[in-house]
Amino acid sequence: MFDPISVFTKQFTPIDGGYLYYPSMKSGGKLVTADEYERLTESWRKVAGRRGIWMVVGIVMLAVFVWTVTSKLLSLPDWSNSIMVAACVIGISAWLIWASFAPRRLVRGRPTIAPPRPASEARRQARAMLNWRFIIFALLFSGVAFLGSFNSPERDLKTWAWLIGSGAFFGLYIWIAVQKFRDS
């Protein structure tokens, strides 16, 4: 449904002598050599490819097992489980963010060899990275969550958070779908 490897590689535009990489929407293009591109792609495959995903699943499963045993042996309070979940989410997120910013770290300080792209072109390229299957899945998931929380008889903080969050994502993906349809 969502191919993180192709999304990563679409950040680079082939040119003579390597690849052009735009670190941000407002910055100019910077040169990445073919050898550097291969190393970056291989590094990203280790993180976001099948092997990387299964490694994260294994680490999380091991952490859950160790935490369950430890919390039962030490009779830790129930709220400590939330801290463990938050630590796992923060750890995985930090690892993915660090790996995804590798191209930026690589080209930091290099001279620009191409002018910045127009904002409309940068947005169009970003939308092109999302395939229709992912957009439809996001629309269905956020729409069901939005309708479920909207129709809920309870109006506690959790329900309001789901209502606002899922409504925002539903609206965002409707906008992305309309814009992507206009691009094609």
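The values are calculated or read from the model by the stated rules, or taken from the named source; none is laboratory data. Note that the structure is predicted; figures quoted are calculated from it, not measured. Don't worry about glycine lacking a Cβ; one is built from the backbone with ideal geometry, like all the others, and counts go over all protein chains shown. Remember, those area values only see protein heavy atoms, side chains included, never the ligands or the DNA or RNA. Shrake-Rupley method; radii C 1.70, N 1.55, O 1.52, S 1.80 Å.
Does any residue in the stretch 122-138 that is of a type in the set (Lys, Arg) come within less than 9 Å, Cβ to Cβ, of a residue that is in a loop (DSSP other than H, G, I, E, B) and loosely packed, with under 15 Cβ neighbours inside 10 Å six or more places away or on a different chain, and which pairs are these?
Matching pairs, first to second residue: Arg123/Met25; Arg133/Met1; Arg133/Phe2.
Please find, within the stretch 11-33, the residue that is surrounded by the most Cβ atoms within 10 Å (Cβ to Cβ) out of those that are among the aliphatic types (A, V, I, L, M) and under 17 Å from Arg108 (Cα atoms).
Val32
Just give me the residues in the stretch 44-68 being within 30 Å of Val107 (Cβ to Cβ) and surrounded by fewer than 14 Cβ atoms within 10 Å (Cβ to Cβ), in sequence order.
Within the stretch 44-68, Lys46, Arg50, Arg51, Ile53, Met55 meet the criteria.
Consider Arg39 against the criteria (1) without any contact (Cβ under 8 Å) to a residue 12 or more places away in the chain; (2) of a type in the set (Lys, Arg); (3) in contact with a Ser or Thr (Cβ under 9 Å, 6 or more places away or on another chain): it satisfies all of them except one. Which criterion is unmet?
(3) is the only condition that Arg39 fails.
State which residue is farthest from Ile90 (Cα to Cα) when the search covers only the stretch 34-43 and only residues that are of a type outside the set (Ser, Thr, Tyr) and surrounded by 15 or more Cβ atoms within 10 Å (Cβ to Cβ).
Checking each candidate, the answer is Glu36.
Does Met25 satisfy being part of a loop (DSSP other than H, G, I, E, B) and either in contact (Cβ under 8 Å) with a residue 60 or more places away in the chain or closer than 24 Å to Asp3 by Cα (or both)?
yes
Determine which single condition Ala168 fails, assuming it passes every other condition in (1) open to solvent by 100 Å² or more (accessible area, probe 1.4 Å); (2) hydrophobic (A, V, I, L, M, F, W, C); (3) over 30 Å from Tyr21 (Cα atoms).
Answer for Ala168: the failing condition is (1).
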